[in-house]
Amino acid sequence: MREEIFGYGDNRCRVFYEQRPGIPILFLHGYSFTSDVWRDIGLIEELDKRRIPYISVDMPYGRVSKCIKHTRSIEENVAFARNAYKAVFGETPPMVVGASLGGYTALKYAMSNPVAGLLLVAPVNVSEVLDYYRKARARIRILYGENDDIVDVEELREFASSTGSELVFYDNAGHALYLDQPARFVRDLLEFYEKLVFKPV
């Protein structure tokens with residue numbers, strides 16, 4: 001695994017990645033996290049065992065991201081993620097994993113960049129992009145913890161039903177459900193990834 005500082009525009013942020021053949025995974029963490037969360041729950045170890053390519057980006061929007069400059073501009077964050085990803089994997093469409101604000105960023109990313117699929121953990125602000133995804137052909141799976149006190153489940157239900165997305169509930173889990181049930185989250189992610197590999201767009 002390589003770890004380095006990537007710069008685009010005014011932002012300089014940490015990324016870590018592993019280049020291998022296959023569909024890469026692009027990870028976008030939540031507002032209160034860094035890329036370390038995916039390592040902390042054992043996910044990166046599983047990807048390395050299975051030789052799955054990935055890049056995890058400390059995003060400029062993050063409250064504690066390892067960045068020299070931070071910004072909440074969604075356009076700047078999408079551009080940063082896109083350019084960090086392309087610097088490593090070029091034009092290969094990724095599977096994008098986004099949590100909370102990272103989920104919203106993933107949805108905005110996919111509006112202007114080809115993706116293999118989206119795995120979103122309690123994404124915020126989905127109503128803002130609903131009209132676009134009503135018409136778009138996108139493979140989306142949304143994970144939601146039943147004890148989430150940040151994202152309104154009815155907003156996610158409407159988005160899922162209007163776009164044909166899959167909505168999966170985690171019992172006894174909160175907003176950051178991957179912390180509450182890391183083993184299940186890793187299994188669900190790998191299962192979704194395998195569907196994309198064997199049924200590519």
Once Lys and Arg are counted +1 and Asp and Glu -1 for all other residues with Cβ under 13 Å from that of residue 34, the total becomes 0
Quick calc: nm separation of the 7 Å Cα→Cβ label points for residue 154 and residue 51 -> 5.0 nm
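Is it possible to state the helix-based mean residue ellipticity at 222 nm for the chain, with each DSSP H run of 4+ residues giving -39500 (n - 2.57), the sum divided by total residues, to the nearest 500 deg cm²/dmol? What is it?
That calculation yields -11000 deg cm²/dmol at 222 nm.
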From fewest to most C-beta neighbours within 10 Å, the residues 13, 67 line up as 67, 13
per DSSP, antiparallel bridges as share of beta bridges in the range 2-198, % nearest 5, sits at 35 percent
Taking R0 as 25 Å and r as the Cβ-Cβ distance between residue 137 and residue 184, the FRET efficiency 1/(1 + (r/R0)^6), rounded to the nearest 0.05, comes to 0.35
The chain, Gaussian network, Cα under 10 Å: of 30, 174, 90, the residue fluctuating most is 90
Simple SL model, points at 7 angstrom along Cα→Cβ for residue 68 and residue 169; separation in nm is 4.8 nm
Expressed in angstrom and rounded, the centroid-to-centroid distance over alpha carbons for the range 72-108 and the range 130-189 is 18 Å
When 135, 195 are ranked with the fewest other C-beta atoms within 10 Å first, the list becomes 135, 195
Most exposed first, judged by fewest Cβ atoms within 10 angstrom, 59, 1 run 1, 59
Counting only residues 5 or more apart in sequence or on a different chain, those whose built amide H sits under 5 Å from that of residue 12 are 68, 69
With +1 at each Lys and Arg Cβ and -1 at each Asp and Glu Cβ, the charge dipole magnitude of the range 43-201 around its Cα centre, to the nearest 20 debye, comes out at 760 debye
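Which pairs in the list 86/135; 49/195; 86/108 are over 21 Å apart, alpha-carbon to alpha-carbon? Don't skip to the answer; put the middle values down first.
Details: 86/135 26 Å; 49/195 18 Å; 86/108 16 Å.
From the list (86/135; 49/195; 86/108), the Cα-Cα distance tops 21 Å for 86/135.
Rule-based calculations on the coordinates, nothing more; no lab input. All of these numbers come straight from a predicted model, not from anything done at the bench. For neighbour counting, all protein chains shown are included, and Cβ atoms are generated from backbone atoms with ideal geometry for every residue, glycine included.
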